[in-house]
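*Asks:* Below are the structure tokens for one structure; questions will follow.
The values are calculated or read from the model by the stated rules, or taken from the named source; none is laboratory data. Predicted, not measured: the structure shown is a model, and the values here were computed from it. Cβ atoms come from the backbone with ideal geometry, glycine included; neighbour counts cover every protein chain shown. The protein model used for the area step is the full one, side chains on, heavy atoms only, and it has no ligands, DNA or RNA in it. Shrake-Rupley method; radii C 1.70, N 1.55, O 1.52, S 1.80 Å.
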Amino acid sequence: MYSEKVMDHFMNPRNVGEIENADGVGEVGNAKCGDIMKMYLKIENDIIVDAKFKTFGCGAAVATSSMSTELVVGKTVEEALKITNKAVAEALDGLPSAKMHCSNLAEEAIRAAIEDYKRKNGLLGECDCAAACGRRCDDVHHDHGYDEDDDE
Amino acid sequence: MYSEKVMDHFMNPRNVGEIENADGVGEVGNAKCGDIMKMYLKIENDIIVDAKFKTFGCGAAVATSSMSTELVVGKTVEEALKITNKAVAEALDGLPSAKMHCSNLAEEAIRAAIEDYKRKNGLLGECDCAAACGRRCDDVHHDHGYDEDDDE
Amino acid sequence: MGEKLIYMDHAATTYVKPQVVEAMLPFFTEKFGNASSIYTIGRESKKAIEESREKVSDAIGAQAREIFFTGSGTEADNWAIKGVAYANKSKGNHIITTNIEHHAVLHTCQYLENDGFEVTYLPVDENGLVTPQQVADAIKPNTILITIMFANNEIGTIQPIAEIGAIAKEKGIYFHTDAVQAIGNIAINVKDMNIDLMSMSAHKFYGPKGVGALYVRKGVKLVSFIHGGAQERGRRASTENIPAIVGFGKAIELATANLDEYNKKIMALRDRTIDEITKKIPFVKLNGHREKRLPGNVNLSFQFIEGESLLLMLDMKGIAASSGSACTSGSLDPSHVLLAIGLPHEIAHGSLRLTFGDENTDEDVNKLLEVLPVIVERLREMSPLYEN
Amino acid sequence: MGEKLIYMDHAATTYVKPQVVEAMLPFFTEKFGNASSIYTIGRESKKAIEESREKVSDAIGAQAREIFFTGSGTEADNWAIKGVAYANKSKGNHIITTNIEHHAVLHTCQYLENDGFEVTYLPVDENGLVTPQQVADAIKPNTILITIMFANNEIGTIQPIAEIGAIAKEKGIYFHTDAVQAIGNIAINVKDMNIDLMSMSAHKFYGPKGVGALYVRKGVKLVSFIHGGAQERGRRASTENIPAIVGFGKAIELATANLDEYNKKIMALRDRTIDEITKKIPFVKLNGHREKRLPGNVNLSFQFIEGESLLLMLDMKGIAASSGSACTSGSLDPSHVLLAIGLPHEIAHGSLRLTFGDENTDEDVNKLLEVLPVIVERLREMSPLYEN
Ligand SMILES: Cc1ncc(COP(=O)(O)O)c(C=O)c1O
Ligand SMILES: Cc1ncc(COP(=O)(O)O)c(C=O)c1O
Ligand code: FES
Ligand code: FES
């Protein structure tokens, strides 16, 4: 099911934990749905210098959290915002199709943490708030492996 | 499925053939249903001294024909009329329940042959004709092995 | 009895090939994991199923996601027909089939008739064929499904499936074919033949009993038949029967790899049998089309005798065959197929089906040709219909 | 990985016992005859089926003619429920069940709701129990069927089946029970318990997958579900899956012969596991009734963590188990059973089911008790919910 890389990041997740006095913190997901990801960023001169996470969720959720923290470190805030869930999944040698939504979680957590950083630093434009996570349980199709196109 | 005795009477049927100038001949069944039995009797002083048959039908039909001819020989006409299909089946160490109707054929063939004998000899009472075989295909439940009591 | 068994009833069922049993065995014992489980032995089961699915789709020119495993060919037929009927009843309630389908199709259609559907049972000609024109003529505005078997299980006649598929496609009507007798025995490509749904069963081509498959073209509207867990992408519930599914895959792989050679061999047995029996024995008739027939199928009617007796005597000589006689089939009338091609009841009762397979040899046919005339003659002499 | 597999998911499926495989094997190869055929190898198949049927009926106190083999437990459930519903709809359209049934029952009931039937889903208490009184209160003049599972597959809770049966009998309403988890694990007598229909599946008690059985009390009005040939006395069509049926018979024979001893053994493993884990690990809760539960079932919820992660880590340590988490189950919500007994979503997500069987030992439990606390602690440290 999971690639070796996913299993490696799941069994030995990088950057688990919290950052005290983080510059940006984002929490997305919902315990009701079985997944919560909390991302902590340390940002200096617009560059992400440290990232940590805590995740409640499946193997894919943990592995994408771990990979995301690796991917963002060293990037500028704007570069980090361009990291897509697809990029995270690819960096993990792929995810089962039923688990792609878990990588959304990682993308959203990065955005939410940067959002938080921007808000704290007065960098937010007028309407950017909507970009913060308003994800609800029902947005996620947790029906692993179904085909919605042709099923009754 | 069939007892050894049935198989013996099927593979080595006794008394196959015809009796020329038989005293009674009875034919029952219907080719449409897959079974016809023709019974020839030689009767002397009210005693059946010879019996032969020809049968188009399943293994049970052949075996009950064979057994019937053995059972009737030596019996008086009235005794022969008392031979039931159950008796024939028992003499064969039993028949599968789906095949019990084939032994009816034998019982009916004996009756029909005796009927013929009586008719030829003016021994018939007024209303006995009905005893001759008026069996039609639909009378036979050829639905081997079903339970009619509890099936929909 | 005591003699070597000569099995000539491959259309009833086949033995399972040793390579197939071997492929299945590990899944009973070490690799028994439930394919829905996420731990290692569960994932291995899942993988085995998906590999099998690909073998099936490769064999018929489909995509793997269009193959759904079932518990039998009968279940596949029930599912396809009821599934399309109930999913599309807002569009219409008319189904077209033939009067020589297997009971799995016929009884399902009859069930639907009781539930408000209308079914046209197309008659066949004396060879058991329907024409594409008959199908076209039967189509009505409310027709939602055409279900016509690929090849008949009794008389072996092969229908013009590609032509019927083309008509169905043109009219936008779903086309299902019961290919239980055809698959593994003749080449099938569901795309080329415009087949929307196709039933298969492993035990007709040296795979295990109790496992079938339904090909469902992507996009076909179909309701589920067996409700429960989310197996088979939510469309056919129940813990997957992994050994059997693996056996299905292995068997279809072997069958298709070897199809031409296999067919050449059993066709030779078939043709020799037909030629010599019709030459040697009087009052005999071949049932089914002479050319458009399954490579291994022989179906003959012997006048004046009854099928069960014939089978029993063949069995005593070590030959296993089958018949369309009511006395063996569990119904009042003899085979509906033999009646449909116009045989009178009494002739239908005297029919014999011989279906050749893998392990049959020329010697087997020699033996048959040696014993059959004697048996037929014996039964005829016992018959009140003969020389009458 | 690489370590010996410790399998603690017997409620998902079991391996097939060697004696069972051995009993099945000849029917794939030498004894492959179709049971509907009249020649020798066909009759042998028929005989093997009937012997198996007797083993099943003996095990549950029924008559052989009341046992019908199916392709799975799911099929048995579908058949029983749809079969009774459609056969008796002139009498009424109301069905009573619970909200913790297996999906094979729940989804079938939902299907019937779409087709005009009315279904009452009885709620259960925090242990997963329904009371006979609840059932009695739910009965209406149009009630035709009560279907309540014998024992739950997730939390192991055993229902008061005999009492419910008595109520159904008194009211003249058919009573079906899904005994897929119970049979072979606890003693059942269908007559004493007034059960009219009962579903079983072999792969839960060391028999093969892909074969189930439905007990149907003589006299019960039931329409067929799979239409086709006249197999199973005309009530369940399809070429009989003889190896699997033989395996079913052998497995149930072994299971019932040995039931007390087996139960004592796995109950000891169960009780020790429950006691020690709840002692060793904080924030843990046992799901299901403490006493009225299947001998091999343990179901625990670990707060703050998610089930799939737990299973993956156990798998890496060579332990196979299952969870009620949505992340593993293929549905949006976590287990409907865990929600029905009142667990909040986030706790239901962190549940672990361990089901013991034949080959489990005290050492297996030692290993579990060694690794589980470490894993739970690791996942909790990773969790944003813990210590928050
Ligand atoms: C309670 C219950 N009912 C029904 C089933 C379905 O049985 P099967 O997998 O044989 O279809 C299962 C197991 O999967 C079960 O645990
Ligand atoms: C044409 C045809 N359709 C359907 C079936 C049913 O297949 P199964 O026995 O796998 O249910 C058979 C054989 O029995 C068949 O020959
Ligand atoms: S003659 Fe038809 S079953 Fe005996
Ligand atoms: S968090 Fe539920 S599937 Fe990944």
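*Asks:* Could you check the spin-label model distance between D:Q63 and A:E79? Points 7 Å from the Cα along Cα→Cβ, value in nm.
*Replies:* Using points 7 Å along Cα→Cβ, the separation is 8.2 nm.
*Asks:* Any of B:K32/B:K54; B:K38/B:K99; C:K17/D:K17; D:K17/D:K209 with alpha carbons more than 21 Å apart? Name them for me.
*Replies:* Distance filter (> 21 Å) returns C:K17/D:K17.
*Asks:* Something else about it: Each residue of region C:63-73 in order: what ³J(HN,Hα) in whole Hz does its phi give by Karplus 6.51 cos²θ - 1.76 cosθ + 1.60, θ = phi - 60°, with x for Gly and Pro?
*Replies:* After applying 6.51 cos²θ - 1.76 cosθ + 1.60, I find 9, 4, 6, 9, 9, 10, 7, 10, x, 4, x Hz.
*Asks:* Report, by chain and number, residues whose modeled amide H sits under 5 Å from the one on D:T157, excluding near sequence neighbours (fewer than 5 apart, same chain).
*Replies:* Here D:N152, D:H289, D:L294 satisfy the definition.
*Asks:* So, one more: For the rotation taking D to C, I'd like to know which residue in chain D has the C-beta closest to the axis, plus that distance in Å.
*Replies:* D:G71, 1
*Asks:* Calculate, for D:L369 and C:K4, the FRET efficiency according to 1/(1 + (r/R0)^6) with r their C-beta to C-beta distance and R0 51 Å; round to the nearest 0.05.
*Replies:* 0.30
*Asks:* Just the Kirkwood number for region C:206-296, please: inverse of mean 1/r across all distinct Cα pairs, in Å, one decimal.
*Replies:* It works out to 17.1 Å.
*Asks:* Another question, if that's okay. Ignoring ligands, DNA and RNA, how much accessible area is buried between chains C and D, both sides summed, with a 1.4 Å probe, to the nearest 100 Å²?
*Replies:* 4600
*Asks:* Under 17 Å Cα to Cα from D:K221, which lysines show up? Leave out anything in the same chain fewer than 8 places away.
*Replies:* Here the lysines satisfying the reach criterion relative to D:K221 are D:K82, D:K89, D:K91, D:K169, D:K171.
*Asks:* Once you put a point 7 Å from the Cα of D:E261 and another 7 Å from the Cα of C:D137, both along the Cβ direction, what distance in nm separates them?
*Replies:* For D:E261 paired with C:D137, the spin-label model returns 7.2 nm.
*Asks:* Would you compute, for the Cα atoms of region D:240-335, the largest minus smallest coordinate along each principal axis and list the three values in descending order, in whole Å?
*Replies:* 47, 31, 26
*Asks:* Would you mind checking which residues have amide H under 5 Å from D:I6's amide H? H placed 1.01 Å from N; only 5 or more apart, or other chain.
*Replies:* It is D:I319, D:A320, by chain and number.
*Asks:* Calculate the spin-label point distance for A:E4 paired with A:R119, positioning each point 7 Å from the Cα along the beta-carbon direction, and give it in nanometres.
*Replies:* 4.2
*Asks:* Compute the distance from the alpha-carbon center of region C:118-164 to that of region C:215-238, in whole Å.
*Replies:* 26
*Asks:* Can you bin chain C into rounded, prolate or oblate? Criterion: square roots of the alpha carbon gyration tensor eigenvalues sorted a ≥ b ≥ c, rounded for a/c under 1.5, prolate for a/b above b/c, oblate for the rest. Working shown, then result.
*Replies:* Working: a/c = 2.07, a/b = 1.32, b/c = 1.57.
In terms of gyration-tensor shape, oblate.
*Asks:* Between A:A51 and residues 5 or more places away or on another chain, which pairs have amide H atoms under 5 Å apart, with H built 1.01 Å from N, and which residues are they?
*Replies:* A:K42
*Asks:* Between the DSSP loop rule and a limit of at most 10 other Cβ atoms within 10 Å, which trypsin sites (Lys or Arg not before Pro) in region C:271-306 are left?
*Replies:* C:R290
*Asks:* I'd like to know which of A:M39, A:V62, A:T76 lies farthest towards the positive end of the charge dipole of region A:4-133, counting +1 on Cβ of Lys and Arg and -1 on Cβ of Asp and Glu.
*Replies:* Of the candidates, A:V62 comes out farthest on the positive side.
*Asks:* Can you compute 3J(HN,Hα) from phi for each residue in region C:103-117, using the Karplus curve 6.51 cos²θ - 1.76 cosθ + 1.60 with θ = phi - 60°, rounded to whole Hz and x for Gly and Pro?
*Replies:* The phi angles translate into 4, 4, 8, 4, 5, 5, 4, 5, 4, 5, 4, 5, 10, x, 8 Hz.
*Asks:* In nm to one decimal, list the spacings between the D:K280 label point and its equivalents in the other copies, with label points set 7 Å along Cα to Cβ, shortest first.
*Replies:* For D:K280, the other copies' label points sit at 7.6 nm, shortest first.
*Asks:* Given a Förster radius of 56 Å and the C-beta distance between D:T361 and C:K280 as r, what FRET efficiency does 1/(1 + (r/R0)^6) yield to the nearest 0.05? Mind dumping the intermediate values first?
*Replies:* Numbers: r = 68 Å, r/R0 = 1.22.
Plugging the Cβ-Cβ distance into 1/(1 + (r/R0)^6) gives 0.25.
*Asks:* Any idea what the C:E170 label distances to the other copies are, label 7 Å down the Cα→Cβ vector, nm, shortest first?
*Replies:* Nearest first, the other copies' label points are 6.8 nm away.
*Asks:* Same structure again: What Kirkwood hydrodynamic radius do you get for region A:4-133 when you take the inverse of the mean 1/r over all pairs of distinct Cα atoms, in Å?
*Replies:* Hydrodynamic radius (Kirkwood, Cα pairs) of region A:4-133 is 14.3 Å.
*Asks:* Could I ask something else about it? Which net charge results for the neighbourhood of D:I158, defined as the other residues with beta-carbon distances under 11 angstrom from its beta-carbon, given Lys and Arg at +1 and Asp and Glu at -1? Don't jump to the answer; show the numbers that get you there.
*Replies:* On the way: positive: D:K292, D:R293; negative: D:E291.
So the environment of D:I158 carries a net charge of +1.
*Asks:* Please compute how much accessible surface disappears when D pairs with A, both sides summed, using a 1.4 Å probe, and round it to the nearest 100 Å².
*Replies:* Numbers: alone 16290 and 8220 Å², together 22290 Å².
Answer for the D-A pair: about 2200 Å² buried.
*Asks:* Taking the 0 to 90 degree range and rounding to the nearest ten, how far is the long axis of helix C:259-280 tilted relative to the main principal axis of chain C, both from C-alpha atoms?
*Replies:* Result, in degrees: 20.
*Asks:* Once both axes come from the Cα atoms, what is the angle between helix D:161-171 and the longest principal axis of chain D, in degrees from 0 to 90, rounded to 10?
*Replies:* For D:161-171 against chain D, the angle is about 40 degrees.
*Asks:* Right, next: Can you list, shortest first and in nm, the gaps between the label point of C:G219 and those of its counterparts in the other copies, using a point 7 Å from Cα in the C-beta direction?
*Replies:* With the label placed 7 Å along Cα→Cβ, C:G219 yields 5.5 nm.
*Asks:* Between the helical axis of D:362-382 and the dominant principal axis of chain D, each derived from Cα atoms, what acute angle in degrees is found, rounded to the nearest 10?
*Replies:* Long axis of D:362-382 versus the principal axis of chain D: about 60 degrees.
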